[in-house]
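Undergrad: If you scroll down you'll find the structure; I have some questions about it.
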Amino acid sequence: MNKDLLSIDDLSREEMESILATARKDFLDLSRRDIKKVPTLRGRTIIDLFYEKSTRTSTSFELAGKRLSADVINVKADSSAVGKGESLKDTVLTLNAYAPDIIVIRHPHVGAPAFIARYTDAHVINAGDGKGGHPTQCLLDIFSLQREYGELQGLKVAIVGDILHSRVARSNIAGFRKMGMEVTLVAPPALLPRGVETLGARVSHTLDVLDDVDVVYLLRMQKERHGSTILVPSLREYIARYCVGRRHLKRGQKVLHPGPINRGVEIEAELADSGENLILQQVEAGLAVRMAIMYRIIVDAAALQDTAGARAVQAVAD
Amino acid sequence: MPADQVGRTIVRIAHEILEKTEELDRLALVGILTRGAYLARRLADHIGEFAGREVPVGELDISLYRDDVAARGSLTVRSKLTQPEVRGTNLPFDVDEKIVILVDDVLFTGRTIRAAIDALFDYGRPARIQLAVLVDRGHRELPIRPDFVGKNLPTSQDERINVRLREVDGVDEVVLEAVRDE
Amino acid sequence: MKAVMTRRGTRANLVVRGARVIDPAQGLDSVIDVVVEKGRITAVGKKAGKAAGLEVLDAAGCLLLPGFVDLQTHLRAPGREDEEDIASGTAAAAAGGYVAVTAMANTDPVVDTAAVLEAQLEAAEKEAAVRVTFTGSITRGLAGERLSEIWDMADAGAVAFSDDGRPVESGALLRAAFQAAQLVQRPLFLHCEDASLAAAGQMHEGTVSAALGLEGIPACAETAAVARDLEIAAYEGARVHVLHVSCAGSLAAVAAARARGAEVTCEVTPHHLVLDHQAVRSLDACTKMNPPLRSEEDRRALVAALADGGIDCIGTDHAPHAPQEKEVPFEEAPFGVIGLETAFPVLYTELVAGGDLPLEVLVRAMSTNPARVLGLTPPAVAEGAEADLCLVDISGEYAIEPERFRSRSRNTAFAGRKVKGRILLTLAGGREAFRDERFGEGGS
């Protein structure tokens, strides 16, 4: 891995496979032990810097850091100096003075992780930057799909819903394609960004295309990002045309959703409660994958820097 | 050490374990990945044969417990993790109250064994942990000694012991090599 | 038309020897000498200027051009003197070869009354290194609700009226503004943008915004507004200058209005001529401006229109911002970049040296044409004319170094870019306004 994980574009397919293999081998079964902790990052400091409300992602990162035995500090925007007008640059310079090993950042603006990486020596992990990207979500989704389907080459996935406002869609289009999957986007025109077809996905405006795919990836209707603009005639009409239920699925089709779900908006309640969705597997995968990312971002960097380490490997690996 | 000698040594260690273990029903073998796991499997087969009962055997991956971060990274970088045969810890039995024999190919500084003991304790509380190694090459950096030794091979720091096993390397042998400075 | 003349510096006495002298308005393009005495051009020709007491500048290999005139400069004073003021902004202008700049009205307070304008004129009289002409705002406080003191400000010296950056939303109010400006024969300088279409957009809406996840400003936000505004202008028979056109569609709307007899001029910024939306992939806040950097096709259309007269002028939209305002994630940064000190070298290097634009067209667009839009006598290299000249070294390549800027701000989109066309000397209103430190000693 590189020093930072800012975008899914930072990773080659081989690196993605390698990180996910680490997650599978080292971290997936950890939750089944009584002692759900390994000493791997003992003494390391991880700062989770969250400028947006988040429950699942921040919980997942916090738990991942703690299960690696790191000291994890959570900084929430509403409780920090941000409210006092401090700039992001100054916040990060201040945090950097504590010499953290990793800064995990969730921010409402595109590029904030790359921005703070200029002001800290810590490894920076993007936990969602505005509508930009969400690389760890992408990795955990691929992990979940691999567990369900094995090889992903040629697998067909439809991403359905509010693609315009979705960082998850942006990362997943890139990540899924890198894994050899075929991606179709399904949304009304107003919820698709202009020019999205150049990202390498097909575009459809109806759920009819679900007949031709293996996996359905649902996105939350992000009403809070719509602001004052009216993008669909009414939510009722949107639901009638784009809400996915069991009746839309054929045998063997699985449904993923990054959460949190809006029951009755993009996903029918019955589907949300059925075994056809992998939503909770995604959450479980999220923990293992984020542990793997934090572990690898530290040890890979140490290995690259430390020639003595490389020599030690000669001694033990052969 | 040629192939037949490796085989005889393993048989001998199996006998010693059998002799020195009073409560066979609590015995379990845990091999440290990668080559220790194959040795543990072979020892378990021999002991099972001699004693007429199956001995539980597990595998321990100590990479998360190592004390040298850089070496861990190099290992993950080097060991092609995309390949499906890469294995992690697998202990198909309850570790609590077991007499666990840790098995490794070479005992050197003792740091690997320290990590293995730590890892094992995260899975439960064994009644006793003992150590079986095919080769002890000396140069200990921790107060750790083996309970069962195949062969003591005094070495210098700049030599390397290569243990090859037929399961992974196609041949059983132990070779002493001088390390070239790169 | 009233324009503030600088009183700083003594009137120049010098001979520029051996430069290639270009003045498209005079049909002049030859290697000759130019003599300036007491701030006036006294001789233009071979071996001119033997008189004693004149400094002789050996300018072989350089260009001597009529000084540039900017139609859109944000001097930030009063209100944000930390970013720029009249002294620093006009010093930057002089360093860029400009002899006159047009100050935009979006200061604090806004220039919306004759009293505010008079205070500005007075300040400029004391501080300015080059001529400063002022625009008044179209509406009070740029709020788009009621008209500013358009007539009184025209009497006080406003050269044009503009709510730059805050397009007049109401068609009826815009119509009334045209009518008011007509009485005093001043043009409106319009930033044409449909605010509801531009919404919270951060960059050009297209393939790059889709990839980055940034909200887009569609080209139609500009073209729809250009079409509407010109329709109203044509109906009223009013003069209008379209600020910073950025896309091909706006050029079509301007051409259509001209074809129907409307009195329309328009300008383009250096950054829209040289950069496109791919530059935003860096997420450098110095690639964020409004209108945004458009597609490569738009950029080519702008260059072509500049070459064929579809676009009349270059306007820098020099918009200084403090470092802390741009050292933020892209979406938090304000729009705008500075441009006075880089306009000529960047355009000369990227367009003229590259063969896309004749040099005389660039000179017209930077000097003659904008002066005409303002109603000023265009700078000319002619005997008897006041010396409004700039001397440019086009021989050596150099890197643009923001830390060397005269401007108080550093927010350029061209930091580090290798260019040719270093400004060596600027004479503005007969006085030496700028001299590059590597070009001889200071003036007499």
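The values are calculated or read from the model by the stated rules, or taken from the named source; none is laboratory data. Computed from a predicted structure; not experimentally measured. Cβ: placed from backbone, ideal geometry, glycine included. Neighbour counts: every protein chain shown.
Undergrad: Going by what's in this entry, would C:Ala128 be described as over 27 Å from C:Asn369 (Cβ atoms), assigned by TED's automatic domain parsing to the domain that holds C:Pro320 and in contact (Cβ under 8 Å) with a residue 40 or more places away in the chain?
TA: Details: over 27 Å from C:Asn369 (Cβ atoms): no; assigned by TED's automatic domain parsing to the domain that holds C:Pro320: yes; in contact (Cβ under 8 Å) with a residue 40 or more places away in the chain: yes.
When the stated conditions are applied, C:Ala128 does not pass them.
Undergrad: Another question, if that's okay. Among the residues of segment A:127-155, what is the count of those that are more than 14 Å from every other protein chain (Cβ to nearest Cβ) and on the phi > 0 side of the Ramachandran plot?
TA: Of the residues in segment A:127-155, 1 are more than 14 Å from every other protein chain (Cβ to nearest Cβ) and on the phi > 0 side of the Ramachandran plot.
Undergrad: Inspect segment C:317-330 for any residue being in contact (Cβ under 8 Å) with a residue 12 or more places away in the chain and closer than 28 Å to C:Ala25 by Cβ and give the result as yes or no.
TA: Yes, there is a match, as at least one residue in segment C:317-330 is in contact (Cβ under 8 Å) with a residue 12 or more places away in the chain and closer than 28 Å to C:Ala25 by Cβ.
Undergrad: If you check A:Leu139, A:Leu164, A:Leu152, which single one turns out to be under 19 Å from the mean Cα position of the chain (by Cα), in contact (Cβ under 8 Å) with a residue 40 or more places away in the chain, under 20 Å from A:Gln281 (Cβ atoms) and not in a strand (DSSP E or B)? Reasoning before the result, please.
TA: Working: A:Leu164 fails: under 20 Å from A:Gln281 (Cβ atoms); A:Leu152 fails: in contact (Cβ under 8 Å) with a residue 40 or more places away in the chain.
Sole residue among the options that is under 19 Å from the mean Cα position of the chain (by Cα), in contact (Cβ under 8 Å) with a residue 40 or more places away in the chain, under 20 Å from A:Gln281 (Cβ atoms) and not in a strand (DSSP E or B): A:Leu139.
Undergrad: Quick check, is B:Thr9 out of contact with any strand residue (DSSP E or B) (no Cβ under 8 Å at 6 or more places or on another chain) and under 18 Å from B:Leu134 (Cα atoms)? Show your work before the answer.
TA: Working: out of contact with any strand residue (DSSP E or B) (no Cβ under 8 Å at 6 or more places or on another chain): no; under 18 Å from B:Leu134 (Cα atoms): yes.
So B:Thr9 fails the test.
Undergrad: Something else now. Could you check segment A:117-136 and list, in sequence order, the residues that are within 17 Å of the chain's Cα centre (by Cα) and in a helix (DSSP H, G or I)?
TA: A:Pro135, A:Thr136 - these are the residues of segment A:117-136 that are within 17 Å of the chain's Cα centre (by Cα) and in a helix (DSSP H, G or I).
Undergrad: Inside segment C:8-95, counting only strands (runs of 3 or more DSSP E) that do not spill past its ends, which hold 2 or more residues that are modelled with pLDDT of 95 or more?
TA: Working: elements: C:14-23, C:28-37, C:40-45, C:55-58, C:62-66, C:68-73.
Qualifying strands (runs of 3 or more DSSP E): C:14-23, C:28-37, C:40-45, C:62-66, C:68-73.
Undergrad: Using the structure shown, decide if C:Phe330 is within 14 Å of chain A (Cβ to nearest Cβ) and of a type outside the set (Lys, Arg).
TA: Yes; evaluated as a whole, the condition is true for this residue.
Undergrad: Condition first: more than 11 Å from chain A (Cβ to nearest Cβ), outside any loop (DSSP other than H, G, I, E, B) and within 30 Å of A:Arg67 (Cβ to Cβ). Now tell me which residues in segment B:121-171 satisfy that.
TA: Passing the criteria: B:Arg128, B:Ile129, B:Gln130, B:Leu131.
Undergrad: Give the residues of segment A:196-245 that are surrounded by 14 or more Cβ atoms within 10 Å (Cβ to Cβ), within 14 Å of another protein chain (Cβ to nearest Cβ) and in contact with a strand residue (DSSP E or B) (Cβ under 8 Å, 6 or more places away or on another chain), sorted by residue number.
TA: A:Val196, A:Glu197, A:Ala201, A:Val203, A:Leu219
Undergrad: Also, quick follow-up: Just to check your reading of the model, which residue among C:Gly336, C:Gly355 is buried (at least 19 other Cβ atoms within 10 Å of the Cβ), at positive phi and either in contact (Cβ under 8 Å) with a residue 24 or more places away in the chain or more than 14 Å from every other protein chain (Cβ to nearest Cβ) (or both)? First the steps, then the outcome.
TA: Numbers: C:Gly355 fails: buried (at least 19 other Cβ atoms within 10 Å of the Cβ).
Going through C:Gly336, C:Gly355 in turn, just one is buried (at least 19 other Cβ atoms within 10 Å of the Cβ), at positive phi and either in contact (Cβ under 8 Å) with a residue 24 or more places away in the chain or more than 14 Å from every other protein chain (Cβ to nearest Cβ) (or both): C:Gly336.
Undergrad: Give segment C:249-297 a look and list any residue that's crowded, with 24+ Cβ neighbours inside 10 Å and charged (D, E, K, R), or say none.
TA: Listed by number, the residues that qualify are C:Glu267, C:Lys288, C:Arg294.
Undergrad: Taking segment A:32-64 as the region of interest, how many residues are surrounded by 18 or more Cβ atoms within 10 Å (Cβ to Cβ) and within 14 Å of chain B (Cβ to nearest Cβ)?
TA: 5
Undergrad: In segment C:128-153, what count of residues is obtained for those that are surrounded by fewer than 21 Cβ atoms within 10 Å (Cβ to Cβ) and at negative phi?
TA: Final tally of qualifying residues: 7.
Undergrad: Same structure again: Among A:Asp29, A:Asp78, A:Asp71, which is the only one that is out of contact with any Pro (no Cβ under 7 Å at 6 or more places or on another chain), surrounded by fewer than 18 Cβ atoms within 10 Å (Cβ to Cβ), farther than 28 Å from C:Glu215 by Cα and modelled with pLDDT under 95? Walk me through it before giving the result.
TA: Values: A:Asp78 fails: farther than 28 Å from C:Glu215 by Cα; A:Asp71 fails: modelled with pLDDT under 95.
Of A:Asp29, A:Asp78, A:Asp71, the one residue that is out of contact with any Pro (no Cβ under 7 Å at 6 or more places or on another chain), surrounded by fewer than 18 Cβ atoms within 10 Å (Cβ to Cβ), farther than 28 Å from C:Glu215 by Cα and modelled with pLDDT under 95 is A:Asp29.
Undergrad: Same structure, new question: Mind checking which residues of segment B:1-20 are touching a residue at least 40 places away in the same chain (Cβ under 8 Å) and buried (at least 18 other Cβ atoms within 10 Å of the Cβ)?
TA: Listed by number, the residues that qualify are B:Met1, B:Val6, B:Thr9, B:Ile10, B:Ile13, B:Ile17.
Undergrad: Can you tell me which of B:Val55, B:Val95, B:Val100, B:Val106 is touching a strand residue (DSSP E or B) at 6+ places or on another chain (Cβ under 6 Å), within 11 Å of chain A (Cβ to nearest Cβ) and at pLDDT 90 or above?
TA: Working: B:Val55 fails: within 11 Å of chain A (Cβ to nearest Cβ); B:Val95 fails: touching a strand residue (DSSP E or B) at 6+ places or on another chain (Cβ under 6 Å); B:Val100 fails: within 11 Å of chain A (Cβ to nearest Cβ).
Within the list B:Val55, B:Val95, B:Val100, B:Val106, the selection yields B:Val106.
Undergrad: Please list, ordered by residue number, the helices (runs of 4 or more DSSP H) wholly in segment C:156-271 having 1 or more residues that are under 24 Å from the mean Cα position of the chain (by Cα).
TA: Details: elements: C:171-183, C:195-198, C:207-212, C:219-236, C:248-259.
By residue number, C:171-183, C:195-198, C:219-236, C:248-259.
Undergrad: Related question: Which residues, taken from segment A:104-121, are hydrophobic (A, V, I, L, M, F, W, C) and either surrounded by 24 or more Cβ atoms within 10 Å (Cβ to Cβ) or touching a Cys at 6+ places or on another chain (Cβ under 7 Å) (or both)? Don't jump to the end; show me each part of the working.
TA: Of the residues in segment A:104-121, the ones hydrophobic (A, V, I, L, M, F, W, C) are A:104-105, A:110, A:112, A:114-117.
A:Val104, A:Ile105, A:Val110, A:Ala112, A:Phe115, A:Ile116, listed by residue number.
Undergrad: So the check is Cβ under 7 Å with 6+ separation or different chains; which pairs have a first residue in segment A:84-96 that's closer than 11 Å to C:Val328 by Cα and a second one that's in a helix (DSSP H, G or I) and not β-branched (Val, Ile, Thr)?
TA: A:Ser87/C:Gln324; A:Leu88/A:Ala112; A:Leu88/A:Phe115
Undergrad: If you don't mind, another one. Taking the condition modelled with pLDDT of 95 or more, charged (D, E, K, R) and out of contact with any Leu (no Cβ under 6 Å at 6 or more places or on another chain), does C:Asp163 pass?
TA: Values: modelled with pLDDT of 95 or more: yes; charged (D, E, K, R): yes; out of contact with any Leu (no Cβ under 6 Å at 6 or more places or on another chain): no.
Against the criterion (modelled with pLDDT of 95 or more, charged (D, E, K, R) and out of contact with any Leu (no Cβ under 6 Å at 6 or more places or on another chain)), C:Asp163 does not qualify.
Undergrad: Continuing with this model, one more query. Give segment A:216-266 a look and list any residue that's in contact with a His (Cβ under 6 Å, 6 or more places away or on another chain) and without any contact (Cβ under 8 Å) to a residue 60 or more places away in the chain, or say none.
TA: Going through segment A:216-266, the residues in contact with a His (Cβ under 6 Å, 6 or more places away or on another chain) turn out to be A:218, A:222, A:225.
Residue satisfying the conditions is A:Leu218 alone.
Undergrad: Would you tally the residues in segment A:201-224 being farther than 15 Å from A:His248 by Cβ and part of a strand (DSSP E or B)?
TA: Residues in segment A:201-224 being farther than 15 Å from A:His248 by Cβ and part of a strand (DSSP E or B): 2 in total.
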